[in-house]
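Single-structure report; data block below.
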Amino acid sequence: MAIAVRNEGAKVNSHINVTPMVDVMLVLLIIFMVITPLLPPGPRVELARANNPLQMTDADREDALLVAINKEGRVFLGNDQISVADLTPKIRERVGARPDTRAFVKADARVHYKSVVEVVDGVRSAGVTELGLLTEAKRQ
């Protein structure tokens, strides 16, 4: 009877197989590419509810002038947080000399009324001709 001796040490493979890791990274990349355009612009805001809100489809456009106020009273122009004092010059700069200027204010339902009035005053004094206050429909 013979004893079979195997030489396992000679066949050691020190290469790391990165194919599964690359597969996982590609799947994650595809998921992020699909989800990113679906995220709403600006900060997360719980809008006030109204019985008969008007549909403002222009607020969803890429070039829409959107001012948001979150529940802490912080003001955002697009995705950038700014102070109320800087709001008027920034909007005036973005509006330029366009004759038909529209801006949309997206205020949290729990924010103080004073904060909303300050933002509306700042937007109006920047020369915006039309101002929309975004709301949601009440749930029945």
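The values are calculated or read from the model by the stated rules, or taken from the named source; none is laboratory data. On a predicted model such as this, the values are computed, not experimentally measured, just so you know. No Cβ is skipped: glycine too gets one built from the backbone with ideal geometry, and neighbour counts run over all protein chains shown. Quick note on the areas: whole protein, heavy atoms, side chains included, nothing else; ligands and nucleic acids left out. Shrake-Rupley method; radii C 1.70, N 1.55, O 1.52, S 1.80 Å.
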* To do: Report the residues of the stretch 108-122 in range of a label on residue 49: point 7 Å along Cα→C-beta, backbone N strictly under 20 Å from it.
  => 108-113
* Structure fact -> In whole µm²/s, the translational diffusion coefficient that Stokes-Einstein assigns to the stretch 51-125, given a Kirkwood hydrodynamic radius over C-alpha pairs, 4 °C and 1.567 mPa s, equals 100 µm²/s
* Most to least accessible of 35, 3 (protein chains only, probe 1.4 Å) -> 3, 35
* Antiparallel %, DSSP beta bridges [both residues in the stretch 57-140], to 5 -> 40 percent
* Asked: Roughly how many Å is it from the Cα centre of the stretch 121-140 to that of the stretch 20-70, as a whole number?
  -> 19 Å
* Structure fact -> Of the accessible area of the chain, computed with a 1.4 Å probe and all protein chains kept, carbon and sulfur make up a percent value of 56 percent
* Angstrom value of the Kirkwood radius, inverse mean 1/r, which spans all Cα pairs in the chain -> 18.9 Å
* Just name one of 52, 38, 101: the one whose Cα is farthest towards the positive end of the charge dipole of the chain (beta-carbon charges, Lys/Arg +1, Asp/Glu -1). => 52
* **Protein-only accessible surface order, largest first, of 49, 139 at 1.4 Å** => 139, 49
* Once label points are set 7 Å from the Cα along Cα→Cβ at both residue 25 and residue 79, what is their separation, rounded to one decimal in nm? -> 2.3 nm
* To do: Give, in nm to one decimal, the length gained when the segment between residue 61 and residue 33 is fully stretched (0.36 nm per residue of separation minus the Cα-Cα distance).
  => 8.2 nm
* What number, in percent, do you get for the relative contact order of the chain if the mean sequence gap of Cα pairs under 8 Å and at least 6 apart is divided by its residue count? -> 27 percent
* Which order do 129, 101, 57 take when ranked by solvent-accessible area (1.4 Å probe, heavy atoms of all protein chains), largest first? -> 57, 129, 101
* Of 92, 74, 61, the one that fluctuates the most in a GNM where the chain has Cα springs shorter than 10 Å -> 61
* Structure fact -> In the stretch 20-110, the GluC sites (Glu not before Pro) that sit in a DSSP loop and have at most 10 other Cβ atoms within 10 Å of their own Cβ are 62, 72
* Structure fact -> Given a 1.4 Å probe, the accessible area of the chain per residue, as a whole number of Å², is 78 Å²
